[in-house]
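Below: one structure, written as structure tokens.
The values are calculated or read from the model by the stated rules, or taken from the named source; none is laboratory data. No experiment lies behind these values; they were computed from the predicted model shown. Here the Cβ is made from the backbone with ideal geometry for all residues, glycine too, and neighbour counts use every protein chain on show.
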Amino acid sequence: MSLKTITPEQLKELIASGQKVNLIDVRTPAEFAEIHVQGARLIPLDQFDPQKILTELNGRPDEPVYMICRSGNRARTACDKLIKAGCLNVVLVEGGTLACEQAGVPVVRGQRMLLSIEQQARIVIGLGVLIFSLLGYFVDPLYVFGAAFFGLGQIYVGLTNNCVLALLLARMPWNRRMGGCAATPPPASSDRSTQTGSATVVSTCTSR
């Protein structure tokens, strides 16, 4: 079964039409609190249970379920899980939240993250390679295999599009804080919508 996709522009039109959009964001709570598409609900990838989603559909496996993350990789993993579980209409949002923001899809903003999961993963990998390379040079040449391990890990990510390190980082306490942002936006009467760039920003978050 081939994976269906939807562009941010198409998603914007769908939301504007008033149709119900079952949009699931599989990023971390901290990423979700920083910014998410209006109406999206949070189910982090490390807590994602396809059977629960099927139960929520209540016998309507052909009802579309839209999956989104930061740029598309984690959402694709969640899509694969849903398809294997028997969900018939899984749709990947192309380009993720980043592309949606650029396309002007309404988003909810909260407290900005210091570093994204992808940035944290790159820092850990870079430090790992650096530390093991220095140990291999100054202490014992065998430590070079530690640096090679990180290199093999990157090859694995490239081949499978599955970053185990990102999943581990997502479980860290600093990436699980929700800040002051609600999982779903409040009624329109209490929103304070402003235009920032090309995206509609719905201010529903408070700093903590």
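Rundown of residues vs (1) part of a loop (DSSP other than H, G, I, E, B); (2) closer than 23 Å to R41 by Cα; (3) among the polar types (S, T, N, Q), yes/no style:
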{"residue": "L54", "(1), (2), (3)": "no, yes, no"}
{"residue": "S71", "(1), (2), (3)": "yes, yes, yes"}
{"residue": "E118", "(1), (2), (3)": "no, yes, no"}
{"residue": "G146", "(1), (2), (3)": "no, no, no"}
* Could you tell me which residue of the stretch 13-30 is surrounded by the most Cβ atoms within 10 Å (Cβ to Cβ), considering only residues that are under 18 Å from the mean Cα position of the chain (by Cα) and part of a helix (DSSP H, G or I)? => A30
* Asked: Inside the stretch 29-81, can you point out the residues that are of a type in the set (S, T, N, Q) and touching a Leu at 6+ places or on another chain (Cβ under 8 Å)?
  -> S71, T77
* To do: State which residue pairs qualify: first residue of a type in the set (K, R) and inside the stretch 111-123, second residue at pLDDT 90 or above in any location, beta carbons under 6 Å apart, and separation of 6 or more residues or different chains.
  => R112/E34
* Can you tell me how many residues in the stretch 99-121 are closer than 17 Å to I15 by Cα and surrounded by fewer than 19 Cβ atoms within 10 Å (Cβ to Cβ)? -> 3
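Residues are listed down the side, and each one gets a yes or a no for (1) in a helix (DSSP H, G or I); (2) among the charged types (D, E, K, R); (3) in contact (Cβ under 8 Å) with a residue 60 or more places away in the chain; (4) farther than 17 Å from C163 by Cα:
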site: F32; (1), (2), (3), (4): yes, no, yes, yes
site: G39; (1), (2), (3), (4): no, no, yes, yes
site: A75; (1), (2), (3), (4): yes, no, no, no
site: A78; (1), (2), (3), (4): yes, no, no, no
site: K81; (1), (2), (3), (4): yes, yes, no, no
site: K84; (1), (2), (3), (4): yes, yes, no, yes
* Structure fact -> Pairs returned, first residue in the stretch 1-15 that is within 20 Å of T77 (Cα to Cα) and assigned by TED's automatic domain parsing to the domain that holds G96, second residue that is modelled with pLDDT of 95 or more and loosely packed, with under 14 Cβ neighbours inside 10 Å, beta-carbon separation under 9 angstrom, 6 or more apart or interchain, are P8/Q102
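Residues checked against (1) modelled with pLDDT of 95 or more; (2) under 19 Å from V37 (Cα atoms):
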position	(1), (2)
R112	no, yes
V139	yes, no
Q154	no, no
L159	no, no
L167	no, no
M172	no, no
A183	no, yes
* Asked: Of these, L114, L92, L88, L130, which one is in a helix (DSSP H, G or I) and not hydroxyl-bearing (S, T, Y)?
  -> L130
